[in-house]
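One structure below.
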Amino acid sequence: MGAFILWALYLSIPQSKTSIDPSMERYTKVRAGLSSNDQQCLDSLVSQYEHYGNDRKLAKQKAAHIFAAAELIQKLIRTKDSFGIAKLIPNQLTVGPIKQSITSKPFEENFPKAWVDLFEMNSSYPCSELKYNARLGDPMSPIWFTSNSEGAPQIISIMGLPEGPEKMSSPSSWQYNGVGINVHCFTTKWASGDNYETFGETFNSGKYGDPIYEDFVSHPGTFIGKQIPVEMILEPWSSAPPIYLSPSLRECNGFAYPDRQMKHTIYGSYDLSSCEDLAPNIEGSCVDMKLAQVNGPFGYSNVQSQTVLYGLFEVTKTGQTHVVPLLNFDLLNEGIVETEKYLKIEVVQ
């Protein structure tokens, strides 16, 4: 755990008897230990933070945090410290192995020698950021990282690593009765949140920021069939198509939006008894359940990725089969971990 001791020492530089700001002392200490080329790199990062609207003091502080984080991550890879790496992952990686697999397997199984060699050959300090994240390692298989408001390092993605069996996707699209399900049947929360907010406000499921609304966004299956009719279609905007939460296959298999180039990947084989537990208010039967990562523009946003656990319900009231969102997740890895308890247990004869 020597790497974390170094990080603690970096953050605990005591305030001098003069009135010098401790954060500026840290910046000065970091810069003094760099080569002239790396000092220029640090200066470039400071300039970028200033360009983002930070004052020079805050820009220097943020740049010092990023350089210290880069040094820590480099040391963790060099010392093969899997537990130290996992500690820097706040929830789950956006791209990369499941966090739990990083600590449950030997370092070499998650980080092959070829990947480590490329990382070490290319792990110079980051001189700039991209969308608020910095990069370390080989450009084709880097570590993306940042630091939080307190300056603590956070690893966001680790590219180019082998995927474990828990992330093996289905080789084909989701099919029902021999017919593939249209990707537009998989409703997701838009980046703006407008579609979920409209349903929430229409059916007294709260507004943005309300605890009940946050519960609705995370667990829509518990609201559909109770507050929100399963077959409900809303038309809140005259110039836009209607919005759905749980469309029927008859409706959504005919959807076509040429300007929304979407695709999806299917994961998991689940116990259907848990499907009805996740949507207890729908009158009918759950005939299938899958985790899907849906990629595409949602609403009027840029291309994004959403992970949702869906149930396929034969609904008594409508006489139709509906695609119902049961649980929404921020990340694919989060969805895989959180839905593991619903997986079908295969009995070996």
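Relative to the compact-globule estimate of 2.2 N^0.38 Å, the Cα radius of gyration of region 176-217 comes out at 1.50. If you take the Cα centroid of region 181-246 and the Cα centroid of region 104-120, the two points sit 43 Å apart. Under the combined filter of DSSP loop state and at most 11 neighbouring Cβ atoms within 10 Å, region 130-177 retains these chymotrypsin sites (Phe, Trp or Tyr not before Pro): Tyr132. Partner lysines whose Cα lies under 18 Å from the Cα of Lys290, excluding those fewer than 8 positions away in the same chain, are identified as Lys167, Lys189, Lys263, Lys341, Lys344. With θ taken as phi - 60° and the Karplus curve 6.51 cos²θ - 1.76 cosθ + 1.60 applied, the whole-hertz 3J(HN,Hα) list for region 226-232 is 10, 5, 10, x, 4, 8, 5 Hz, x standing for glycine and proline. Sorted into 20 angstrom bins from 0, the C-alpha pair distances of the chain split as 26, 46, 26, 2 percent.
Stretching the chain fully between Asp215 and Glu150 yields a gain of 20.6 nm (0.36 nm per residue, less the alpha carbon separation). Compactness of region 2-162 is given as radius of gyration and Dmax, 15.8, 52 Å, from Cα positions.
Residues whose amide H falls under 5 Å from that of Gly284, counting only those 5 or more places apart or on a different chain, are Thr316, with hydrogens built in the peptide plane. The modelled label-to-label distance between Met262 and Arg78, using points 7 Å beyond Cα along the C-beta direction, is 4.7 nm. Highest-first packing order for the peptide set 204-210, 249-255 is 249-255, 204-210, based on the mean count of other beta carbon atoms within 10 Å.
R0 = 35 Å: FRET efficiency of Glu25 with Ala114, Cβ-based, nearest 0.05?
With R0 = 35 Å, the Cβ-Cβ based efficiency is 0.30.
Angle, helix 36-51 long axis vs. longest principal axis of the chain, Cα atoms, 0 to 90°, nearest 10? With rounding to tens, the tilt is 50 degrees.
Highest mean packing first, where packing is the average number of other Cβ atoms within 10 Å per residue, the peptides 268-274, 197-203 line up as 197-203, 268-274.
Every number here is computed from the coordinates shown, using simple stated rules; none is lab data. Worth saying up front: this structure is predicted, and the values here are computed from it rather than measured. So basically every Cβ, Gly included, is an ideal-geometry build from the backbone, and we count neighbours across all protein chains shown.
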